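The values are calculated or read from the model by the stated rules, or taken from the named source; none is laboratory data. None of the values given here were measured: they were computed from a predicted structure. As a convention, Cβ positions derive from the backbone with ideal geometry for all residues, glycine included, and neighbour counts pool all protein chains shown. Calculation scope for accessible area: heavy atoms of the full protein, side chains included, ligands and nucleic acids excluded. Shrake-Rupley method; radii C 1.70, N 1.55, O 1.52, S 1.80 Å.
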Amino acid sequence: MTSSIPGKAVEALLRREKDLFSQRHPASKALAEKAARNWLRGVPMHWMVDWGTPFPLFVSKAQGATLIDADGHSYADFCLGDTGAMFGHSPPAVVKALEEEGANGFTAMLPSVDAAEVGELLEDRFGLPFWQITATASDANRAVLRWARAITGRKTILVFNHCYHGCVDDTFVTADHGAVKMVGGLVGEPRDLTAFTRVVEFNDVAALEQALAPGDVACVLAEPVMTNVGMVLPEAGFLEKLRMLTEKHGTLLILDETHTLSSGPRGYAGAMGLKPDALVFGKPIAGGIPAAAYGFSEAAATRIQAYLRNRGEGRSGIGTTLSGSKIQLALIKAVLTTFFTEEAFAPLITRAKRLERGIADVIIKYGVPWHVTRVGARVEFMCCPRPPKNGFEASQLIHQPIDEAIHHYLLNRGVVITPFHNMMLICPATTDAQVDTLISGLDRCIAELTA
Ligand SMILES: Cc1ncc(COP(=O)(O)O)c(C=O)c1O
């Protein structure tokens with residue numbers, strides 16, 4: 001039996017929880033008023049107000065899997081900086097590396113003595129031999145698109161509908177019932193981004209084949225599991241088909257593993273035996289300090305070397321000053337050696353399974369038409385009965401008032417999950433008790449909504 005949740009119940013609960021939030025957070029409220037004088041939209045990064053709370057929660061401390069806000073409330077943090085803190089806030093190994101290396105210089109415009117070892121670690125963990133470091137995953141994606149266009153001599157790229165790869169202009173294109181257009185709400189974009197970006201639905205092999213067939217696509221940039229529009233899992237054989245078709249049409253396959261690093265110590269591609277031409281990831285790779293990496297296969301790197309031999313004089317247009325710095329390499333080394341091992345991931349997966357099972361039980365208990373999915377240490381529930389097949393389907397199901405109501409309810413009871421959809425991450429410091437607090441909070445919330 002499934003029970004539907006009346007819209008009125010959602011509205012009433014959300015209203016009550018917003019009021020409760022306002023009452024419980026006078027210090028955050030005062031800070032919000034003060035900050036509004038100097039920050040655009042009142043926050044140091046404009047989307048920080050998009051959590052939907054009456055005013056932002058101001059954080060005073062973050063440690064392990066716990067956040068403390070300006071009012072002294074403590075939260076079990078399952079958002080973990082939307083993956084930036086996937087290994088916990090201020091993980092001891094990263095703090096130690098900062099303490100030890102921090103006094104020895106941050107950036108010098110030269111490779112540090114860690115460079116060779118970090119390169120080896122990247123190859124060892126992720127299977128690709130040649131790497132570059134950037135400050136953010138957005139930067140890494142922009143760079144890898146440039147390289148792909150350069151070595152294939154093709155201008156067009158392909159992405160999956162409703163993907164997100166950071167603030168990368170080329171990817172802000174969507175398909176709405178077949179009509180390709182720029183995504184809504186883009187700020188200040190003067191170019192027609194549809195000119196060089198093709199979009200197909202995830203899991204649609206026929207559409208993919210058709211889009212690649214003209215032989216003019218430089219690369220497909222894809223998450224192996226879509227994680228930014230709820231969670232869209234690849235159907236059996238889809239990623240293998242993607243690899244086969246890209247190869248057949250001379251198109252490079254770039255996998256953006258920024259979020260799917262949660263899969264395990266070799267990422268999703270490593271775990272599944274996929275062989276991309278390039279990999280990209282950022283966010284937790286230096287423990288939450290800005291750093292990202294992209295890597296190429298031997299074959300792609302050989303083409304890059306050949307391209308560079310014939311490149312004319314002038315600026316490449318790739319790279320920023322603080323990329324590949326000494327401190328980034330020291331922290332990446334600490335993260336790769338400490339967390340990217342089977343032993344380090346095992347307890348995260350065990351705890352993520354506990355969370356997945358607990359949420360599944362709550363869904364069954366109340367008969368709500370929802371489902372829960374998990375990719376390694378990443379868990380997502382969606383308020384629809386079965387996993388969406390593609391980005392379009394998923395986009396119709398997320399950003400519902402019920403998500404906002406649940407987020408507020410949990411926040412007011414000391415649990416933070418990711419805003420915009422219902423993602424939860426487990427880090428090494430997450431405890432079973434925190435997992436159980438989330439599950440029981442969700443249970444009580446649904447009990448109220450279905451009462
Ligand atoms: C899959 C994926 N790639 C890239 C990015 C961009 O990361 P950043 O904002 O750190 O540049 C994101 C951000 O959410 C992401 O989800």
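Listed values, structure above:
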{"item": "Cross-link pairs beyond the 19 Å C-alpha cut-off, checked among Lys241/Lys283; Lys283/Lys333; Lys181/Lys248; Lys155/Lys241", "result": "Lys241/Lys283; Lys181/Lys248; Lys155/Lys241"}
{"item": "Tilt relative to the chain, helix 432-450 - C-alpha long axis, 0 to 90 degrees, to 10", "result": "60"}
{"item": "Gain in span if fully extended, Arg146 to Glu342, counting 0.36 nm per residue against the direct Cα distance", "result": "67.2 nm"}
{"item": "Amide H partners (placed H, <5 Å) of Phe130, local residues excluded", "result": "Phe296"}
{"item": "Accessible-area order (highest first, 1.4 angstrom probe) of the listed residues Met109, Met272, Met45", "result": "Met109, Met272, Met45"}
{"item": "Those GluC sites (Glu not before Pro) in segment 294-354 that DSSP places in a loop and that have at most 10 other beta carbons within 10 Å", "result": "Glu313"}
{"item": "Translational D in µm²/s for segment 93-339 (Stokes-Einstein at 10 °C, 1.306 mPa s, Kirkwood Rh from C-alpha pairs)", "result": "85"}
{"item": "Accessible carbon and sulfur surface of the chain relative to its total accessible area, %, 1.4 Å", "result": "57"}
{"item": "Euclidean distance of C-alpha centroids, segment 325-342 and segment 74-89, integer Å", "result": "18"}
{"item": "Net length gained if the chain between Phe238 and Val180 were fully extended (0.36 nm per residue, minus Cα distance)", "result": "18.6 nm"}
{"item": "In Å², nearest 10: area of Trp131 left accessible to a 1.4 Å probe", "result": "40"}
{"item": "Peptides ranked, highest mean first, by Cβ atoms within 10 Å: ranges 391-397, 87-93, 260-266", "result": "260-266, 87-93, 391-397"}
{"item": "Prolate/oblate/rounded label for segment 218-349 (Cα gyration tensor, a/c 1.5)", "result": "oblate"}
{"item": "Cross-link partners of Lys34 among aspartates and glutamates (Cα-Cα below 18 Å; sequence separation of 8 or more within a chain)", "result": "Asp69, Asp71"}
{"item": "Largest-first principal axis extents of the Cα set of the chain (Å)", "result": "68, 55, 46"}
{"item": "Segment 1-60 versus segment 136-201: alpha-carbon centroid distance in Å", "result": "32"}
{"item": "222 nm mean residue ellipticity, helices alone, for the chain (DSSP H n ≥ 4; -39,500 (n - 2.57); rounded to 500)", "result": "-12500 deg cm²/dmol"}
{"item": "Accessible area per residue in Å² at 1.4 Å probe, computed on segment 93-339", "result": "44"}
{"item": "Label-to-label distance, nm, for residues given as Ser60 and Asn38 (7 Å Cα→Cβ offset)", "result": "2.0"}
{"item": "Amide H contacts under 5 Å for Cys219, placed H, 5+ residues apart", "result": "Leu158, Leu252"}
{"item": "Surface accessible to a 1.4 Å probe, Thr450 within the full protein complex, Å²", "result": "50"}
{"item": "Probe 1.4 Å, all protein chains present, accessible-area order of Glu33, Glu380, Glu448, Glu189, largest first", "result": "Glu33, Glu448, Glu189, Glu380"}
{"item": "For segment 32-175: rounded, prolate or oblate by the Cα gyration tensor [a/c cutoff 1.5]", "result": "oblate"}
{"item": "Area of Arg444 that stays accessible when all protein chains are in place (1.4 Å probe, Å², to 10)", "result": "120"}
